[in-house]
Every structure is written in structure tokens, then in C-alpha cells.
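Chemist: Quick one: this structure, given as C-alpha cells, is what I'll be asking you about.
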Amino acid sequence: MSITRHLALIERLCSAEFPAEPGRSDAGTGGPGYHVAELQTSADFWEDDGTRREETEEQYEADRDALSERLAERWGAPDVISLWSVQDRSMDGEDIPEPWAVLSSHVPDVHLWQVDGRWVALGVSQWDKELPFQLVALITEMGPP
């Protein structure tokens, strides 16, 4: 993990214009009012007996925590919030705004800061047990629902 590179990308996205339409970007994805940076991505786990997946999950959580510590030096301690209730509400039919609706479907919790009128969230994503882990950063105008 390159903390310096990740910090630079997060800082750039904190001041960047948001895309007018949802889609891919050089950092990951974005749309009206948000950027999602895909900071690092693991290999998949199709041929894994569970051992490599568990080790990778622990490493990605450690990487998130290390990056969070560096961001805390700049912005103070983060709030750590679970997105499970957001996911449950979405599954029950509540209209959850983007980017939180999609984020809650693959990121169980985030470290969260409010910086200069924007929200910055850092989390570990995994869409399914065979798919890769990702360290992601969200920069958005909309606070968590």
C-alpha cells in the first residue's frame, strides 16, 4: 500500500468537481455529488479454501486503519459508522440516495470525516466472498442517511 499516493488522491478528489453523470473515472467511479476512489484491489478468491481470503481481509482492514490514522492527523479522529442499517433500509424498499445505497451493499462500515463541506469515508469493500477486496474512499456532498 502506498499511503502517500492514497492521501494525494483523496486530497485531489476533495477539491475536484463532481461528474455531471454517473460513470467511471481515473480514480474509480463518480456521479453527481460524489467520487468513489478504488485505492487498491486484491486478487479474487475463486480457488481459495478460505485461508487467503481471511488473511487478505485482515490486511485490507489494517491498511484502512493505517490510512485512517494518517487522515486523523489532518482532520481529527473519524466517526466509525456501520452501513448495515442503511443496507437493511434499502432492502426494505426505502429510497436511499447515492452514493450511500450502493456503498452500503458492499462496504459494511466506514471511517468518516466531514471536511470543508464534504464527507470523506474510508472503507473495505467486497461484493461477494469469491470477489476481490477493495480499499475505497468516498468523497461526497451528502452525509450518510
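Chemist: Hey, any hits in the range 20-37 for a residue that's open to solvent by 20 Å² or more (accessible area, probe 1.4 Å), at pLDDT 95 or above and acidic (Asp, Glu)?
Modeler: Taking every residue of the range 20-37 in turn, none turns out to be open to solvent by 20 Å² or more (accessible area, probe 1.4 Å), at pLDDT 95 or above and acidic (Asp, Glu).
Chemist: Shifting gears a bit: Does the range 41-59 contain any residue that is within 24 Å of Cys14 (Cβ to Cβ), more than 16 Å from the chain's Cα centre (by Cα) and in contact (Cβ under 8 Å) with a residue 12 or more places away in the chain?
Modeler: Checked the range 41-59: no residue is within 24 Å of Cys14 (Cβ to Cβ), more than 16 Å from the chain's Cα centre (by Cα) and in contact (Cβ under 8 Å) with a residue 12 or more places away in the chain.
Chemist: Would you mention how many residues in the range 105-125 are open to solvent by 30 Å² or more (accessible area, probe 1.4 Å), closer than 19 Å to Phe45 by Cβ and in contact (Cβ under 8 Å) with a residue 24 or more places away in the chain?
Modeler: Count: 1.
Chemist: Quick check on my filter: what residues within the range 88-131 are in a loop (DSSP other than H, G, I, E, B) and under 14 Å from the mean Cα position of the chain (by Cα)?
Modeler: Those that are in a loop (DSSP other than H, G, I, E, B) and under 14 Å from the mean Cα position of the chain (by Cα): Glu98, Pro99, Ser105, His106, Val107, Pro108, Gln126, Trp127.
Chemist: Here is a further query. Quick one: would you say Glu61 is modelled with pLDDT of 95 or more, under 16 Å from His106 (Cα atoms) and acidic (Asp, Glu)?
Modeler: Yes; evaluated as a whole, the condition is true for this residue.
Chemist: Among the residues of the range 126-142, count how many are surrounded by fewer than 21 Cβ atoms within 10 Å (Cβ to Cβ) and either touching a Leu at 6+ places or on another chain (Cβ under 6 Å) or under 14 Å from Pro32 (Cα atoms) (or both).
Modeler: 2
Chemist: Please go through the range 60-78 and give me each residue that is closer than 21 Å to Gln134 by Cα, assigned to a helix (DSSP H, G or I) and not acidic (Asp, Glu), ordered by number.
Modeler: Scanning the range 60-78 gives Tyr60, Ala62, Arg64, Ala66, Leu67, Ser68, Arg70, Leu71, Ala72.
Chemist: To continue, here is another question. Residue check: is Ile10 surrounded by 12 or more Cβ atoms within 10 Å (Cβ to Cβ), modelled with pLDDT of 95 or more and either hydrophobic (A, V, I, L, M, F, W, C) or touching an Asp or Glu at 6+ places or on another chain (Cβ under 6 Å) (or both)?
Modeler: Judged against the criteria, Ile10 is a match.
Chemist: Here's a follow-up. Restricting to the range 132-145, give me the number of residues that are in a loop (DSSP other than H, G, I, E, B) and aliphatic (A, V, I, L, M).
Modeler: The number of residues fulfilling the criteria is 1.
Chemist: Looking at (1) among the hydroxyl-bearing types (Ser, Thr, Tyr); (2) farther than 23 Å from Val120 by Cβ; (3) at pLDDT 95 or above, which is the only condition Thr51 fails?
Modeler: Status for Thr51: all satisfied but (3).
Chemist: Looking at (1) open to solvent by 30 Å² or more (accessible area, probe 1.4 Å); (2) within 26 Å of Pro22 (Cα to Cα); (3) out of contact with any helix residue (DSSP H, G or I) (no Cβ under 6 Å at 6 or more places or on another chain), which is the only condition Gln87 fails?
Modeler: Going through the list (1) open to solvent by 30 Å² or more (accessible area, probe 1.4 Å); (2) within 26 Å of Pro22 (Cα to Cα); (3) out of contact with any helix residue (DSSP H, G or I) (no Cβ under 6 Å at 6 or more places or on another chain), Gln87 breaks only (3).
Chemist: If you check Ile81 against the conditions, is it at pLDDT below 95, surrounded by 15 or more Cβ atoms within 10 Å (Cβ to Cβ) and not in a helix (DSSP H, G or I)?
Modeler: no
Chemist: Residue check, Asp63 against (1) under 15 Å from the mean Cα position of the chain (by Cα); (2) open to solvent by 70 Å² or more (accessible area, probe 1.4 Å); (3) among the acidic types (Asp, Glu), all met but one. Which one?
Modeler: Result: Asp63 fails condition (2) only.
The values are calculated or read from the model by the stated rules, or taken from the named source; none is laboratory data. Please read these numbers as outputs of a predicted model, since none were measured by experiment. Note that each Cβ is placed from the backbone with ideal geometry, even for glycine, and that neighbours are counted across all protein chains shown. Ligands, DNA and RNA are stripped out before the accessible areas are found, and what is left, the full protein with its side chains, is counted by its heavy atoms. Shrake-Rupley method; radii C 1.70, N 1.55, O 1.52, S 1.80 Å.
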